[in-house]
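Structure, as structure tokens:
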Amino acid sequence: MQTFRAGLASAHDALVGAATQWSLSEIPLETWGASAKRTLIRVSGCHPWVGVQNQPFNELVNQLATVERLLDALKWAGSAGFSRVMACHPTTSSGDHDLVVERPDQALGVFEVSDVAGPRGNENNKMANDLRNLVGCKCQYCGYGAEKYLATSSVSGEWLQRLKMRDDRMEELCIASLQFESAPEAGTMITRLTLTDSERE
Ligand SMILES: [Zn+2]
């Protein structure tokens, strides 16, 4: 767990290095937004864990934000007794969980990690979709009874806490509870989700 966290942190820092070396000021003013968004940042060779050659600037920013949430989630998981990382897919939308961890007694935890920008905390229905995926997941880990967690910005965490007040929505989503677990200094909120009995069976 510690080794993995250190490796991920150093990959993160190497990518930030690649992103910040690139100059935003050389782009013509009239196409600044469209160009900056697409400009390919060369990331090959910056860290052994980085497998791609180039990344569009806006994707790189999104991925770095997700990795930062993931690092907070790993830190919290360590403090909650999880000692081993079983799977981690921070930058793909492969359908697998972003993070799967295990306790020494073999209890599992799966995490959906997201960094939704915006004042509502559920822009583009990202949180609602993450919840649905987590509730309905039938993967080997969830089948084994893994605890389900969301690692989000504090704004999205507050959205989850407001959702908790709405019995109709909670029932529709088959969620029994959304337990707020922790908000480390960086402001990442960890929320545990438990399912209603009908969904669990
Ligand atoms: Zn699952």
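The values are calculated or read from the model by the stated rules, or taken from the named source; none is laboratory data. The shown structure was predicted, so the numbers you read here are calculated from the model rather than taken from an experiment. Cβ: placed from backbone, ideal geometry, glycine included. Neighbour counts: every protein chain shown.
In region 1-88, counting only strands (runs of 3 or more DSSP E) that sit wholly within it, the ones holding 3 or more residues that are under 17 Å from the mean Cα position of the chain (by Cα) and under 27 Å from TYR149 (Cα atoms) span 84-88. Of all residues in region 138-156, those that are part of a helix (DSSP H, G or I) and either out of contact with any helix residue (DSSP H, G or I) (no Cβ under 9 Å at 6 or more places or on another chain) or buried (at least 21 other Cβ atoms within 10 Å of the Cβ) (or both) total 6. Please determine whether any residue of region 89-96 is within 16 Å of the ligand (Cβ to nearest atom), more than 29 Å from MET170 (Cβ to Cβ) and without any contact (Cβ under 8 Å) to a residue 60 or more places away in the chain. Checked against the condition, which is being within 16 Å of the ligand (Cβ to nearest atom), more than 29 Å from MET170 (Cβ to Cβ) and without any contact (Cβ under 8 Å) to a residue 60 or more places away in the chain, region 89-96 yields at least one hit. The condition (being in contact with a Phe, Trp or Tyr (Cβ under 6 Å, 6 or more places away or on another chain), within 16 Å of the ligand (Cβ to nearest atom) and either among the aromatic types (Phe, Trp, Tyr) or not in a loop (DSSP other than H, G, I, E, B) (or both)) is satisfied by just one residue among VAL101, VAL135: VAL101.
From the list VAL116, VAL110, the one residue that fits, being of a type in the set (Val, Ile, Thr), crowded, with 19+ Cβ neighbours inside 10 Å and within 11 Å of the ligand (Cβ to nearest atom), is VAL110. Inspection of region 142-160 identifies at least one residue that is among the hydroxyl-bearing types (Ser, Thr, Tyr), modelled with pLDDT of 95 or more and either within 16 Å of the ligand (Cβ to nearest atom) or over 15 Å from PHE180 (Cα atoms) (or both). In region 163-201, of all residues being basic (Lys, Arg) and either assigned to a loop (DSSP other than H, G, I, E, B) or at pLDDT 95 or above (or both), the one that is farthest from the chain's Cα centre (by Cα) corresponds to ARG166.
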